[in-house]
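As C-alpha cells, the structure follows; a few thoughts come after it.
The values are calculated or read from the model by the stated rules, or taken from the named source; none is laboratory data. Quick caveat, the model's predicted, so the values are computed rather than measured. With ideal geometry, Cβ positions are generated from the backbone for all residues, glycine too; neighbour counts draw on all protein chains shown. What goes into the accessible areas is simple: the full protein's heavy atoms, side chains included, and nothing from ligands, DNA or RNA. Shrake-Rupley method; radii C 1.70, N 1.55, O 1.52, S 1.80 Å.
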Protein chains: 2
Amino acid sequence: EYPAVPRLLHGLPDGGHGLPDGPLGLHGLGHHSLEDIQAADDGGMNLLDQSVIKKVPIPSKANGALPALSMNKDGLVGGVTNPGEVFCSVPGRLSLLSSTSKYKVTVGEVQRRLSPPECLNASLLGGVLRRAKSKNGGRCLRERLEKIGLNLPAGRRKAANVTLLTSLVEGEAVHLARDFGYVCETEFPAKAAAEYLCRQHSDPAELHTRKNMLLATKQICKEFADLMAQDRSPLGNSRPSLILEPGVQSCLTHFSLITHGFGGPAICAALTAFQNYLVESLKGLDKMFLNSTGNGHAAADSKAAEKEAKHRK
Amino acid sequence: EYPAVPRLLHGLPDGGHGLPDGPLGLHGLGHHSLEDIQAADDGGMNLLDQSVIKKVPIPSKANGALPALSMNKDGLVGGVTNPGEVFCSVPGRLSLLSSTSKYKVTVGEVQRRLSPPECLNASLLGGVLRRAKSKNGGRCLRERLEKIGLNLPAGRRKAANVTLLTSLVEGEAVHLARDFGYVCETEFPAKAAAEYLCRQHSDPAELHTRKNMLLATKQICKEFADLMAQDRSPLGNSRPSLILEPGVQSCLTHFSLITHGFGGPAICAALTAFQNYLVESLKGLDKMFLNSTGNGHAAADSKAAEKEAKHRK
C-alpha cells in the first residue's frame, strides 16, 4: 500500500567538511572513548568490547595525509568497493515479542554512518549495530570494518547531534516511517478535525473564499509531497536513477542521511493526515453549500472551483 | 524550544467496544500466549517469564460479569485509584551508549495500554515494559498489576494492530517526536526545496496567484497546527484542562492512544518542515517580484498580500 522506498547511492557534493585539516595524532582515537563507554547500552548491560575504540596504528605519510580517513568523490569516508554487500544483520530495537525483525545493514550504510553529516564514532557505530550484545563484538566490528576498507575515522570531527533517531539502522527507520504512515492513514481523525474547523469558519459570505483557500492548499501540498516522492537518497543497497536536479537532491540526501531514511517518508506520512483533513474539509464545505442553497448550486460551484484548480496546474 | 507536551487524563467516550459480550471462560487467558512468547524479544533473548500469561482464577459472579474486566466511565479497564503514580521505569529502546534514558511509566499509562483502542495483552505489555530482561519479570508484573487493581484482561478482544510504535512507552514516544521535530526544524532543506519549486512555477503572469495560494496554504496549515496544539490527550501523569470540544478531543485522544503520544507531535514536526518551505517560497517569490519589476513594486505587493492575509483571519 505504500510505495517502495526509492533507493540510490549518491554522494554528498558538499561532503568533505568535518575532517581535521592537519595530520591526526594517534591519540585522537581515544578522545570520545571513555565518556562513550562509561554508560551502558540497552538497559544496564555494558558488554561493549573496549577494543573497538583502541588505538589503531595508522601508516603515516610524508605529507601527513591519512589514507584511511580520506574522502572519495561522493564525500564518503573509506575505499569501499562493494557498498551493496550485506555487512551484518541487526535485531530491531522496536520489535515486540513475536516479531523478531532483523534488519540487513549494507557496507554502504556503514560507510554512510561513518561519513558526514553524521560522522559516527566507533562507540556509537557499535551501539547502532548492537555489538554490545556479543562478547567480542567490538574487536570483531573493527576487524570487519578494516577488511572492507573502512578504518574507523576518529579525531574531533564535526558530527551531527545524537538523537533517538541515531540509534536506528536504515531498515528499521524506514519501517518506522511506514508504520507511522499507516497510523496516519488509518487512525488520524481527519473528518472530525475538518468538521470542527469547518464550524469555526462557517460564515456563508466566506464559504467560497475558504473553498478556494483549501483547494490552493491541496495543490501546494501536493507539489511538495510530489517533490518528496522524487527524493532518491542513498538507502539500503540499490542505485536507482536520479530524478531531481543534483542541487536539490543533495540537500534532500543530507536530510535523509541525518535521519537514515526516516525523515522524508515520515514527513510524507504526516502530510497524508493533513491532506485527508483537506479532502474532508472540502467535503464538509460542499455540504454547507448544499444546505445554504438547497439546490444544485453547490455542485456547480464545486465544478467551477475544480476547473479553476486544474487551470492553475 | 519545543512547547511542553500537553497532558490530560481524559477517557474515550466511545470506549467500551472490544470486550467479549458473554462471560469469559478461564481458558481465555491462554489464547495468545503460545504464539506471543515463541519468538523472542530484543535480539534473541527469550527470558519472558511465562507466568505473566498464566491463568488467573477469576472470581465468578452469578450473572457472569467479570469485575476485573469492567470498564469505568472513561472507557478504561480496571479500578485504578492512583493513575499518576509511577508504576515502573523502563530503559529506552532508542538510547545509545552514553545516554541511558529511563522512562517513568505511570499507572495511568499502563491502564491506557490495556484499554481500548490498543488492548495490549499480557505478553505485549511485558514486552513494552521490557520485563523480558529480568528473570521474574512476568510474575512480578502480574502481581503488581493486581495490586493496583488491574487484573490483565484477556479473551479475544478487538485490539489495534501492532506496529513498531507499539513498543514505545509514552515517555520515549514523546521524546522521539521531539527529536523528529528537532531534525525537521534544523535539518530539513526548506530553502532548497522552495527555490527548486519556485523555478518550476516562475511564469511572471502567475506569480501573484501563486503568492496568494502560498499565503492561503500558510493560513490553512496554521489553523490545523493550532488545532493539534490544543490536543489535550491523556499522557504521563498530569490532568490539564480540556480546551477543545469533547467530540473532537475524543477523536484526537484515540489517535494519541494508538501512538502513545507520538502521532500529534510528529505531525506537527513534519508540518514545521512544510511551513518553513512555505515561508521560504514566499521569500523566493518576493525576490522574483523584485527582479521582474526592478523597483519598489514587490515590497508594495508583499504588503498588500500580507494585509489581505490578515484580513482573512
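Listing for the model above:
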quantity: Nearest-to-axis residue of chain B, judged by beta-carbon position, where the axis maps B onto A, in Å; calculated: B:Ala270, 2
quantity: Unsatisfied cross-links (Cα-Cα over 31 Å) in the set A:Lys287/B:Lys283; A:Lys283/B:Lys191; A:Lys218/B:Lys287; A:Lys283/B:Lys287; A:Lys147/B:Lys191; A:Lys191/B:Lys287; calculated: A:Lys287/B:Lys283; A:Lys283/B:Lys191; A:Lys283/B:Lys287; A:Lys147/B:Lys191; A:Lys191/B:Lys287
quantity: Nearest-first distances (nm) between copies at B:Val279, label 7 Å from Cα via Cβ; calculated: 3.0
quantity: Karplus-derived 3J(HN,Hα), 6.51/-1.76/1.60, for each residue of the stretch B:217-228, Hz, glycine and proline x; calculated: 4, 4, 5, 4, 5, 5, 3, 5, 5, 5, 4, 4
quantity: Span per principal axis, largest first, for the Cα atoms of the stretch A:168-293 (Å); calculated: 57, 30, 19
quantity: Amide H contacts of A:Val90 (H built 1.01 Å from N, under 5 Å, at least 5 apart or other chain); calculated: A:Tyr103, A:Lys104, A:Val105
quantity: Per-residue average of Cβ from other chains inside 10 Å of B:271-278; calculated: 4
quantity: Shielding by other protein chains, A:216-227, mean Cβ within 10 Å; calculated: 6
quantity: Pseudo-label separations to other copies for B:Arg139 - Cα-to-Cβ vector, 7 Å, nm; calculated: 3.9
quantity: Heavy atoms of B:Leu197 accessible to a 1.4 Å probe, total area in Å² rounded to 10; calculated: 10 Å²
quantity: Pairwise FRET efficiency - B:Thr81 versus A:Leu290, Cβ, R0 = 60 Å, nearest 0.05; calculated: 0.75
quantity: Extended-chain gain in nm, criterion 0.36 nm per residue less alpha-carbon gap, B:Arg199 and B:Cys140; calculated: 15.0 nm
quantity: Inter-copy spacing of B:Asp203 label points, which lie 7 Å from Cα along Cα→Cβ, given in nm from shortest upward; calculated: 3.2
